[in-house]
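The structure appears right after this line, and notes come after that.
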Amino acid sequence: MNFRKASTLDELWEGDMAEVEVDGHIIVLVCPEGRAPRAFQGICPHQDIRLAEGKLDGRVLMCRAHQWTFDANTGKGINPGGYRLTEYAVKVDGDDILIAVDGIEPLFANC
């Protein structure tokens, strides 16, 4: 896997999220409470809304447009439950957050 620097731990606090772009992929970085950083597709699978414009309560990520919600640890859809966010591999190297995007494509719902 080819990892690229996306952010630093100083820029992403526990319970926080941030939008980054790596090789043309819009990604939402989340740091769920008590967990390591995770990286998911940054566009809601329902419609083209940036997930970083929504809310993260430390465990659940919510899109601002239609309140679709996702588990911030797994990317699995909560409401509705039949969808999920594509996840990118994350590696922490010192203070750097690295993400691999090769061969990863976001999922969309066709609604």
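Some points to look at:
- Dipole magnitude (debye, nearest 20) for the range 64-104, charges at Cβ of Lys, Arg, Asp, Glu: 340 debye
- Residues within the reach of a label modelled at E33 (point 7 angstrom out along Cα to beta-carbon, backbone nitrogen below 20 Å), restricted to the range 63-101, are 63, 69-79.
- The label point for E105 and the one for R4, both projected 7 Å from the Cα toward the Cβ, are 1.9 nm apart.
- Relative contact order (%) - the chain, alpha-carbon pairs under 8 angstrom, separation at least six: 28 percent
- For the range 55-111, relative contact order (Cα pairs under 8 Å, six or more residues apart, normalised by length) works out to 19 percent.
- Stretchable slack from E87 to R50, in nm (0.36 nm times residue separation minus alpha-carbon distance): 11.8 nm
- Least to most buried among F70, F108, F40 (fewest other Cβ within 10 Å first): F108, F40, F70
Laboratory data are not the source of any read-out in this text; all were calculated from the coordinates shown. Keep in mind the model is a prediction, meaning the values are calculated, not measured. Cβ sites come from the backbone with ideal geometry, for glycine too, and all protein chains shown count toward neighbours.
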